[in-house]
Structures are given as C-alpha cells and as structure tokens.
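A.B. asks: Right, I'll just put the structure down here and ask away after.
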Amino acid sequence: MVRSGDTYQTIAKPADLNPNYRLERVEGNQYGVTGANDLIVTYHYKALTDDSLKESKSITRTINYVVNDGQVQAVTLIRHGSKNLVTGNITWGQWSDDQWNEVVSKTVKGYHPDKESVAQQKVTTNTDNTTITVHYIKNPIVSSTESKTVKRTINYLVDGNEVSAPDSVNQEFTFSRDVFTDTITGDVTYGNWNVDNTSFEAVDSPSLKGYTPDLKSVTALTVTPDTKDTVITVTYTKNPVEVQPTPKPTESVDSNKTDPADSTNTMTKHVNSTTVTAKSQIINQVVPSQPVTKSKKLPQTGEEHNSLATIGLLILSLATGLGLKKRKKINLLID
C-alpha cells in the first residue's frame, strides 16, 4: 500500500503490450514522492508501420480510330391521299419504296476498313434511321533493311611491263536504310540512308624506282547512295635516261706572239672532204726539206693513204723546226 510520503517509480510493462507498439512519450513523473493527492503517469505508445508494402491498380485508356468523314444517305418516301371536303377526313394511299445505294469505303493510307463497303439496302416506310460505323484499322507493317555498296578501285599499270605494278587499292562504303512494307496494300515506305563518314580517303601513288606515275595521288571523294562505282588507272612511265654531253677537246694556246714580219708557208691537202692546213712561220731560219717517200697505193685506201703520209711527214718536219733556237709557229687546222 502506498502511503503519503512514500517514494514511487512507475515502469512500462512491454510484456503486456502488443509488440508492434513503440513507446513514444511519458506524461507525468515516473519517479517521486507520493502526496495527499493521486498521481497520474501516462505512457503514450505508437503503432509501428511497414512502409515496404505496395499496391498497384491499372487504369487504361483505349483510343479507337474512326474516320470522321461520314456520308449521309437520305431518301424521301411519298404517298398520295384524298381529303373529304365535307368531313375533312383524309384517306391515304401506300407509301413509295426507295433504296440506299452501295457505298464503297474510302481509302486511307496506312489503314484498312473493317467493311469494304456498305451494301445496298431497300428502304420502306417501316425502315428506321440507321447509323453504320466503319472502323479503320492500322495496316500491319513489315520492316526490313536495304543496303547499297559504292566501290572505287585504283589499278596501277607499268608501261612496258618490265617490272611488277603495285597492288590495286579497293575502297567501298555500304549505305543502309529501313524499308517498311504495308502488308495489306503492298505500299513501300523508305527511311533515310545513313550518310555518316561517306567519303573515300585520298590515296598516294606508291613509289616505283625508275618510274613516274601520271597521278601522284588519287584525291578524296565524297560519295552518296547515287554515286556510281568507279575505276581509276594510274600508269607508271619509265624515266628517261640522261645522256652526258661529250666534252669538247681543249685547244692549245700558244704563248708566243706572232710576228707580222715572219713569212708564212702554208700547205693544204683535201682528204675526203676534210681540209688539213699546216702553217709554219720561220724567222731567219730555213727549215730543211725532208725527203718525201712515196708510198705504194694500198688496195683499200688508194690515194688517200699517200696523202695522209705526205701530211704526216710535213708535220714531222715542222716539229723538228721547233727544236731550233729561232721561234717557229705551226698551226694545224682541220676543218
């Protein structure tokens, strides 16, 4: 029994509670001294929650396509009557009959109607107003891929075929696009061609020793699906051989001056249209004449051999004179 002035302590009893509750707060003093008045301590618990649950509900919207371009067929039925002018009563005859003609469903690209046509119908006085709906359904489409390859071939040819030509170079690019075929009408719709990096790179002609190509390089080429296949031939021509010119004979220069007073002796002999002239200038010196030996005529050379021998003796005679102390000048001119 708790009496006034006694100390107290209140505690929760989880064992008495549902385990899915959690203590949230306590109102009042859990510890203290009892007084004359009653003490109230309140424990507040909160139920636990499981936030992992998920519930789904499907809501659908269906769209039905109908061509809103209807056609109204109206017919007018008539009947004849007779009115009594005294009583005012009218007696009617029979209504006429008519018909609604057949109507072929319109063509809508990419769609087909569920009714190819609305049939002809007889219309009588007992026929009610009628509404007929023709639904258009999207045609099934079959997708496929179309491709086209554009090629450029570079062939190398060596003029004369003395050496092997370089290997050919083959360049190609394949274009592709989507193709959509309507399975009902057979109509075909094409997508766009892929046109990324659509160019052939430039190709330098290979080096071939001793030969020169007529094209140093085949230029780059931008291609489209409409570009035709091309073949380019590069021809190698043999380089010309440079002929070294024959050096001219060096003419000797006489350092001795020519004295105008010197007498000049000239001897000229024609040999086969070639003129040989020998000149000698003698100063105060007489060149002794040399005996000339007449050679026999050779069977093949004939008179020309004797003439050359005579000229040779003359040159020898002049050369002997050069050994003298007096100046001598010998000019040998051959035209």
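The values are calculated or read from the model by the stated rules, or taken from the named source; none is laboratory data. All values derive from a computational prediction rather than experimental measurement. Positions of Cβ are backbone-derived with ideal geometry, glycine not excepted, and every protein chain shown enters the neighbour counts.
A.B. asks: Tell me, please, whether a residue that is of a type in the set (Gly, Ala, Ser), surrounded by 11 or more Cβ atoms within 10 Å (Cβ to Cβ) and under 18 Å from Leu157 (Cα atoms) can be found in the range 198-206.
C.D. replies: yes
A.B. asks: Of all residues in the range 148-167, count the ones that are hydroxyl-bearing (Ser, Thr, Tyr), surrounded by 14 or more Cβ atoms within 10 Å (Cβ to Cβ) and within 22 Å of the chain's Cα centre (by Cα).
C.D. replies: 1
A.B. asks: Quick one: in the range 48-81, of everything that is exposed (fewer than 10 other Cβ atoms within 10 Å of the Cβ) and modelled with pLDDT of 80 or more, which residue is nearest to the chain's Cα centre (by Cα)?
C.D. replies: So the residue we want is Val72.
A.B. asks: Now for a different question. Among residues belonging to the range 78-116 that are in a loop (DSSP other than H, G, I, E, B), touching a strand residue (DSSP E or B) at 6+ places or on another chain (Cβ under 6 Å) and not β-branched (Val, Ile, Thr), point out the one that is farthest from Asn139 (Cα to Cα).
C.D. replies: Filtering first and then ranking leaves Arg79.
A.B. asks: Taking the options Tyr236, Tyr190, Tyr211, name whichever one is more than 18 Å from Arg152 (Cα to Cα), surrounded by 10 or more Cβ atoms within 10 Å (Cβ to Cβ) and within 25 Å of the chain's Cα centre (by Cα).
C.D. replies: The match here is Tyr190.
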